[in-house]
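Take a look at the structure below.
The values are calculated or read from the model by the stated rules, or taken from the named source; none is laboratory data. All figures in this text were calculated on a predicted structure; none of them were measured in a lab. Here the Cβ positions follow ideal geometry from the backbone for every residue, glycine too, while neighbour counts run over all protein chains shown.
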Amino acid sequence: MWLSNSSVGRKVVMSVTGIALVLFLTFHMAMNLVAIISADGYNMICEFLGANWYALVATLALAALFVIHIIYAFWLTMQNRKARGSERYAVVDKPKTVEWASQNMLVLGIIVIVGLGLHLFNFWAKMQLPELMHNMDMHADTLTLAYAANGAYHIQQTFSCPVYVVLYLIWLFALWFHLTHGFWSSMQSLGWNNKIWINRWKCISNIYATIVVLGFALVVVVFFLKSLMCGGAC
């Protein structure tokens, strides 16, 4: 199959799944900003996106996108390493035209994956998962189930802890670099690779990544400052 047997096909899969994940990040960031304005409004969104059939379908689709994107990322990385062979062990100056993010996409990707695992532990495992277990007549802690749709509570609890605040900010820092390179690189793989448009996409990538990451970071910082003012501690 062309999408898996050729290098170009794999890059197309990486690009399409990456763009889909970018759209999800945009929605997720906008949703999180609601928590700053109105806890009740945010909880209404969380309740709407609970363990119902359309939310579960979206969750499975999103998980599939992540898995495919990650698998193809490692596949392409190993392919590039194999193609370079022993040249990668040579001590040479790195081209100045190659961005730092491009040279370190694997490391950045691993940090993003670890951060995703932390995020799933702090939120998905305490919100949608208990509701899903309850709907399937599996055991779910009563107290956990009671707070499952209270997303604002989980944000408050998580970001009242300085350790989590630091870890999330590091994660977002890595995500910024990953997005600034990944977004325009996806467009390049899909054919927008002439000199004029590639420079435009690089500019758009930087602006988009900055807006999204600052949006997420704002939620982290605001809730941490709120916890300090309220005397909260982890």
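What to note about this one:
- With a requirement of 2 or more residues that are farther than 14 Å from THR158 by Cα and at pLDDT 85 or above, the helices (runs of 4 or more DSSP H) lying completely within the range 100-139 that satisfy it span 105-122.
- Some residue of the range 190-204 being surrounded by 15 or more Cβ atoms within 10 Å (Cβ to Cβ) and in contact (Cβ under 8 Å) with a residue 40 or more places away in the chain: no
- Pairs linking a residue in the range 102-113 that is loosely packed, with under 15 Cβ neighbours inside 10 Å to a residue that is not in a helix (DSSP H, G or I), with Cβ atoms under 7 Å and 6 or more positions apart or on different chains, are GLN103/LYS94.
- Any hit, the range 34-55, residues being modelled with pLDDT of 90 or more, of a type in the set (A, V, I, L, M, F, W, C) and in contact with a Ser or Thr (Cβ under 7 Å, 6 or more places away or on another chain): no
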